[in-house]
Amino acid sequence: MTESGEPAHNIAGGEGNDEEAAGVSPASSEPGTRAEAVVDRLGELYWQTSYGSQQAFESLVRTILSQNTSDQASQPAHDALMEQFGDEALAHSLAAADRDEIAVIIQPGGLHNQKSAVIKRVAAHVLEMYGSAEAFDRYVREEGAVEVRDTLLELKGVGPKTADCVLLFAGGRDGVFPVDTHVHRIYRRLGIAPPDADHETVRTDLESDLPPEKCGYGHTTSIQFGREYCTARDPVCLEDPEACPLSDLCDRVGINGESGTVVDPAETLD
Ligand code: SF4
């Protein structure tokens, strides 16, 4: 657990964050949108951390390791990789490493063959394009967010969530709300995003509905809320709507308490 209360095993947030409050007080002003009311409530429930202290290349590797797996599974893979290669020349070490060696080390995190290839490829790309991990880090912090995002998305194996996590956790950019499976599920159940919205639509909806400084902890607190309350198969409101701290803000799209069933919000359009 970090000082803010954020679990240290959060692969993208957690350990290594700036431990400062994000500089906003949820109670200080009326929320302008329902999304802001939700994030204010989650900030009161969990934390209001600001981000940006991670090194960009390591952040990229962390987020690749977290793709399609839980933080609990990817954290040991990350730790083992850093123990083997995590010196000041991380990008050089990974670019020069045997892919099979990387795959064996990160095996506990799952999809190790695929992820080892992506990690080795992005290490080589960063060195070829920027010369060093430090220069890549400066690029991520200093260039325009849209350009950085587009550049990261050109890397094979790097999708929108990974690019946005690097912008947030290494670039320290306000106004970036990465959308993972928890965020995608929760904001469609809430009725804030359309039931059939894809990840990119949820992201653009949230980024336009929220003050920029609330997007970072909006992302990390939503993930924590998705683990504790609004889980994929057994949201707490299924048995008791009042058990959820967001019950007064939620449309409960796809939740049927009478029949005790849960469907993806998109299925409610059928
Ligand atoms: S009321 Fe239910 S569906 Fe809505 S946020 Fe809470 S747990 Fe999720």
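Results, tabulated for the structure shown:
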item	result
Residues of segment 156-180 satisfying the condition of being in contact (Cβ under 8 Å) with a residue 40 or more places away in the chain, in a helix (DSSP H, G or I) and not basic (Lys, Arg)	Pro160, Thr162, Cys165, Val166, Leu168, Phe169
Which numbered condition Leu246 misses (of (1) among the hydrophobic types (A, V, I, L, M, F, W, C); (2) in contact (Cβ under 8 Å) with a residue 24 or more places away in the chain; (3) crowded, with 18+ Cβ neighbours inside 10 Å; (4) touching a Ser or Thr at 6+ places or on another chain (Cβ under 9 Å))	(4)
Segment 190-229, residues that are without any contact (Cβ under 8 Å) to a residue 24 or more places away in the chain, among the charged types (D, E, K, R) and either buried (at least 19 other Cβ atoms within 10 Å of the Cβ) or part of a helix (DSSP H, G or I) (or both)	Glu228
Whichever residue in segment 235-270 is outside any helix (DSSP H, G or I) and hydrophobic (A, V, I, L, M, F, W, C) and, among such residues, is farthest from the ligand (Cβ to nearest atom)	Val263
Failed condition for Arg173, given (1) away from the ligand (no atom under 16 Å from the Cβ); (2) modelled with pLDDT under 95; (3) under 16 Å from Leu42 (Cβ atoms)	(3)
Total residues in segment 119-144, condition surrounded by fewer than 17 Cβ atoms within 10 Å (Cβ to Cβ) and either closer than 20 Å to Glu207 by Cα or within 20 Å of the chain's Cα centre (by Cα) (or both)	3
Some residue of segment 125-136 being of a type in the set (S, T, N, Q), modelled with pLDDT of 95 or more and at negative phi	no
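Quick grid of which residues meet (1) surrounded by fewer than 23 Cβ atoms within 10 Å (Cβ to Cβ); (2) in a helix (DSSP H, G or I):
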| site | (1), (2) |
| --- | --- |
| Gln54 | no, no |
| Glu58 | yes, yes |
| Arg62 | no, yes |
| Asn68 | yes, no |
| Ser74 | no, yes |
| Ala80 | yes, yes |
| Gln84 | yes, yes |
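The values are calculated or read from the model by the stated rules, or taken from the named source; none is laboratory data. Because the structure is predicted, anything quoted here is derived from the model rather than measured. For neighbour counting, all protein chains shown are included, and Cβ atoms are generated from backbone atoms with ideal geometry for every residue, glycine included.
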